[in-house]
Every structure is written in C-alpha cells, then in structure tokens.
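S.K.: First the structure, then my questions, so here it is.
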Amino acid sequence: MAEPRTRIAFRGGGFVLGNRRWAPWIAFVIIIAGWEAASLSGLLPALFMPAPHEVIAALRDLVNSGKLGNHIGASLYRVLVGWALGTSCGLVAGFAMGVFSMARAAGLPVVAALFPIPKIALLPLLILWFGIGEPSKVATIALGVFFPTVVSTFSAVDAVPRNLIRMAQSFGLGMPDILRKVVWPGALPGILAGFRISSSIALILLVSAEMIGTQVGIGAFILGAGNLMQTDQLVAGVVLLSILGLAISFLLSLAEKTLLRWR
Amino acid sequence: MRLLLRQVGHHYADLPVLEDISLDVAQGETVAIIGPSGCGKSTLLNLVGGLLPLQQGSIETLGAPPPGCLNPLTFVFQDFALLPWRDVAGNVALALEHHDLSRVERDARIQDVLALCGLSDFAKALPKQLSGGMRQRVGIARAIAVRPAVLLMDEPLSALDAQTRELLMEDLLAIWGRERTTTLYVTHNLAEAVRLADRVMVLSRRPGKVKTIIGIPIPVLERGKPQHAAALAALQEDLWQSIKIEAQVADREMLGEAQHG
Ligand SMILES: Nc1ncnc2c1ncn2[C@@H]1O[C@H](COP(=O)(O)OP(=O)(O)OP(=O)(O)O)[C@@H](O)[C@H]1O
Ligand SMILES: [Mg+2]
C-alpha cells in the first residue's frame, strides 16, 4: 500500500505591509464620488453639506477673485513664523533637558504644569500683551508648538544610546563635538517624528487664532463663511486646510527620507 | 607604553566590585582578563580607559606614546559602538576629525587602516549593511587609526559567531604581526585568551581580586602551529580549573540576588 502524500500548503501569508502607491488615490476618488452621488441623489441636503462640485466652484471663485493668495499667504506666514519660533526654542530647551541634569530637574515639572494648558485659552492674554495684530497669533502658535517639541526632543535625546556617547568620550571628543556628531543625529528621528505632531498643532491653533481679530487667513475665511451660512465656501476653506496639512506632511516625509537614509 | 595598576579597588554605591588589583603590562604585551560574570572586568577596563573615576589605588602609564598617537587609551567595544548614520570611512573619521590632522593625512590614515582590516571595498557602506564580523573590523580599524598606546578590548568578539570569531582572531594576529600594541583583552572565551594573550589574569568572583596570572610561553604568532596544540590545550585546562569553582559560585550568587534583591 502506498504511503499517503500530502502537498504542503502555504500558511504564512498576510501581516506583511507592502507598498500600495495607488491605494490613497483610489480611496480619495471613492470618497469624493460617494459624496457627489449622495448630494446629487438628495441624500445630503445642500444646506447642510455642499456637493464636491460646489466646493470646487467656490474654490475657483476664490482663485478668480484673487483672495486665495491673501488668505493662504497670511496663514502660511503665521504658521511658519510661529512654528519656527516655537520649534527652535523647544529644540534648545529639549536638548538642554536631555543633556544637563540641572535643566532636566528644573524643566520637567515646568513642562508638566504648562503642557496641558490649551494654548488657545491664553490668546486673550497674549492679545493683551502683544496687541490684536500678528504677534499675538504667532505667539499662540509658537507656544502651542513649544511644549510638544520640548517633550519629543528631550525623549529623543534621552534615547540616544549611551554606549555611543561613551565611545565618543573614549576617543576624546569634547562636549560640542559629541552634541553635534552623536546626540543630534541620534535624536533626529525622534525630533522629526515630533515635527509631525507639532505641525498639526500649529495648524489647529492657526485656525483658532484667526477666528479673532482678523479678516484674512484661512481661519477667518472659514469663520466668515460660517456666519453667512455659505457652506460651500466653508468646506472650501476646510479643503484648503487639509491640502496645507498634506503638503506639510509631504515635506516632512521628504525630510525623513533624505536625512534618515541610514535607518 | 607600559601600564601600571596598583591596588585598584572600586565599588558602586555599597557594592564592592574590585579589590586590590595590581598588574604591570609591558610595552607591546597583551594581557587577557578572565573571570566570572559580574566580577568587575568591564569596570576595570573603564577605570583604565578613564571612563570611570578612580576610587582606590593608582593607574598610570609609563613611557611615551608611539609616534602619531592621537588617543593613548583606546577602546574596542563588545557592541561595536558604530554610528549608524555614518559609513565605514566616516566611523573611522570620527576618531580623527577633532585632531589637528590635514585632510590628506586623515584620508591616508583611513585608507591605511581600512586596507589593514580588509575593509577597503566597504568604505562607503553603512553599518546596517555589514555583518557582525565586518562591523567589529570597523571597530578595530577605528581603534588603530588613532595609533593607540594601549588597546582596551572588552569582549570584542563575544557578539560574533564562532567562525567569525576565528577569522577575526586571525586578523588581529595579522595586525599584531606588524606592530604590537600594549593590550588589555577582556574575554569569557578561554580559547581566545590562550590564543591571543601573553599572560592571562584570572579574577575571582565579585569583588574581583587577582586569583592568578598565568603566562603563555609560546610566541603568539606561532600558536597556530600543530606542535603547540597540546601545550595550549593544557594551559586552557589549567585556566578552566582555576575559574570553574568561581564561575559556579558566582552563578549561584546571581540566583540568590534575584531571589532576595
Ligand atoms: N553603573 C553601575 N552601577 C551599579 N552597579 C554596576 C554598574 N556597572 C556595573 N555594576 C555591577 O558591578 C558588577 C561588575 O560589573 P562589570 O560590568 O564590571 O562586570 P563584568 O566582569 O564585566 O561582567 P560581565 O562578564 O557580565 O561583562 C556587576 O555586579 C554589575 O551588576
Ligand atoms: Mg563586562
């Protein structure tokens, strides 16, 4: 009698994440097509939610009227200056807390106490200090960005392998060289990951800050449209924000790809 | 350069780790340090290398460092300690950049040590692209690039598989064939000790004291010859006998600590 033969079945599939470059586009198309279909069929009343083609028309009007540049320009300026300011201060403070025991002991409780405060709550105070103009908006964003940057920088520096620092010391590198050649590149992955969070926070605070005391900026545009029940313009503003967010995320991915090629 | 240790002791908080270690290492001599886990071997090396502050006794070097020496006391680490964001040449360069060397001199040194360690074709490779053996070759290249007076090697081959270890030992011997550097070589591997060292210092279990120092009377570069195999095996057996009980007790102590601590 013959022994039974069994082919070996493959059972190791799945749980491996590969590249699907086209998938996000398909998802976008499906969502927008579904939205348009729901609007056309009357499932989504135009009063509550405009159809995609109306949003596109609103965007086109915005471009044609020449106001798009004004709004985006004002918002970009506030976000960039605020984010850069908050980030650079946060990097310095985070680095100091990662490296010096004194800075860490003093800084940790301060950060713990101030981080959870919603920075937008401070906007009236900042307006009092800096006036209603640009500085108070920039300061709100900077303040909101500062704390998460401190925390992510501090833990990124802390996570730099100690054996690398000891190696550098054993070859006689001084403190500035060790910070520049070992700690900074070693902390960079964590710092860039922190940028993703801080840039989202900057956008959120931007919109909130622009809802007070200004006529230009994406936030002001959305608020104005909301007050007039112009939902097509409102959603157009939201779409602009989302495009801005995507652009930032794209730039960060690019930075990660070029700076962290070694990983 | 000679190395003189006199009654060196060390403790972490109230844990005594080393007691009364005295040792003279002659110019160009390799002393292997063996002893049970946790007896203070790494501590001793870090004291000699100035990575830990000296608490008791004295550690001195005697004599002038070799010409071109940039970093008299130089480590080779068990975990290689390579910067993952620098390529092979860049990792060697790290040890040189902060010294007053012209670019030409620096590049020449890098080329030189890479060739010596069989890494010339890998100068542009990142650590993650290298095997463990290749990574430690980079660690060794980086160490000899500074022309050290004393090499401090803390289990440099322990992270490697047996065959790679064998290959790297031959490489080390080949490098030492050109010029012998005074070396302290910590290892758990008795075969390594017997193969590479002029003398082997056996430490007792923690707190580590010098239990015995055994000389290996066969010239290092001749130890591969078959006529010495029996003598070396006998020496290895001697070492094993002197360390066996210590290792057994240390092993049990660890269990005790885990239960009580
Ligand atoms: N920074 C430290 N603080 C407190 N205790 C330490 C410290 N470093 C080492 N020890 C303890 O000191 C003892 C000796 O450590 P050391 O690393 O020198 O031993 P070792 O002989 O190199 O051990 P191994 O063979 O495992 O490498 C160990 O018990 C260890 O737990
Ligand atoms: Mg050790």
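S.K.: Look through B:LEU47, B:LEU51, B:LEU18 and report the one residue that is within 26 Å of A:LEU173 (Cβ to Cβ), crowded, with 18+ Cβ neighbours inside 10 Å and within 12 Å of ligand 1 (Cβ to nearest atom).
M.R.: Residue meeting the stated conditions: B:LEU47.
S.K.: On to the next question. Would you list the strands (runs of 3 or more DSSP E) that sit entirely within region B:143-250 and hold 3 or more residues that are on the phi < 0 side of the Ramachandran plot, within 16 Å of ligand 2 (Cβ to nearest atom) and surrounded by 16 or more Cβ atoms within 10 Å (Cβ to Cβ)?
M.R.: Once the strands (runs of 3 or more DSSP E) in region B:143-250 are filtered for at least 3 residues that are on the phi < 0 side of the Ramachandran plot, within 16 Å of ligand 2 (Cβ to nearest atom) and surrounded by 16 or more Cβ atoms within 10 Å (Cβ to Cβ), what remains is B:150-154, B:182-186, B:199-203.
S.K.: Scan region B:8-62 residue by residue and report those that are polar (S, T, N, Q) and more than 20 Å from B:LEU73 (Cα to Cα).
M.R.: Selection gives B:SER37 alone.
S.K.: Which residues, taken from region A:185-213, are under 30 Å from B:ALA93 (Cα atoms) and either touching a residue at least 60 places away in the same chain (Cβ under 8 Å) or at the interface with chain B (Cβ under 10 Å from one of its Cβ atoms) (or both)?
M.R.: Scanning region A:185-213 gives A:PRO185, A:GLY186, A:ALA187, A:LEU188, A:PRO189, A:ILE191, A:LEU192.
S.K.: Next question, about the same structure. Could you identify the single residue in B:LEU52, B:LEU45, B:LEU73 that is within 27 Å of B:LEU94 (Cβ to Cβ), within 16 Å of the chain's Cα centre (by Cα), within 14 Å of chain A (Cβ to nearest Cβ) and within 15 Å of ligand 2 (Cβ to nearest atom)?
M.R.: So the residue among B:LEU52, B:LEU45, B:LEU73 that is within 27 Å of B:LEU94 (Cβ to Cβ), within 16 Å of the chain's Cα centre (by Cα), within 14 Å of chain A (Cβ to nearest Cβ) and within 15 Å of ligand 2 (Cβ to nearest atom) is B:LEU45.
S.K.: From the residues in region A:12-63 that are among the acidic types (Asp, Glu) and in contact with a helix residue (DSSP H, G or I) (Cβ under 6 Å, 6 or more places away or on another chain), which one is surrounded by the fewest Cβ atoms within 10 Å (Cβ to Cβ)?
M.R.: A:GLU36
S.K.: What number of residues in region A:1-60 are of a type outside the set (Lys, Arg) and part of a loop (DSSP other than H, G, I, E, B)?
M.R.: 28
S.K.: In this structure, is B:ARG137 under 20 Å from A:ASP177 (Cα atoms), outside any loop (DSSP other than H, G, I, E, B) and away from every other protein chain (no Cβ under 11 Å)?
M.R.: no
S.K.: Here's something else I'd like to know. So which residues in region B:21-42 are touching an Asp or Glu at 6+ places or on another chain (Cβ under 6 Å) and more than 6 Å from ligand 1 (Cβ to nearest atom)?
M.R.: Across region B:21-42, the qualifying residues are B:GLU29, B:THR30, B:PRO36.
S.K.: Are any residues in region A:123-159 among the small types (Gly, Ala, Ser) and either within 14 Å of chain B (Cβ to nearest Cβ) or in a helix (DSSP H, G or I) (or both), and if so, which ones?
M.R.: Listed by number, the residues that qualify are A:SER136, A:ALA139, A:ALA142, A:GLY144, A:SER152, A:SER155, A:ALA156, A:ALA159.
S.K.: Scan region A:160-179 and tell me whether some residue there is part of a helix (DSSP H, G or I), within 14 Å of chain B (Cβ to nearest Cβ) and among the small types (Gly, Ala, Ser).
M.R.: Yes, because at least one residue in region A:160-179 is part of a helix (DSSP H, G or I), within 14 Å of chain B (Cβ to nearest Cβ) and among the small types (Gly, Ala, Ser).
Bear in mind that the values in this text are calculations on the coordinates, not laboratory data. For clarity, every value in this text was computed on a predicted model and none was experimentally measured. Glycine gets a Cβ as well: all are built from the backbone with ideal geometry, and neighbour counts include every protein chain shown.
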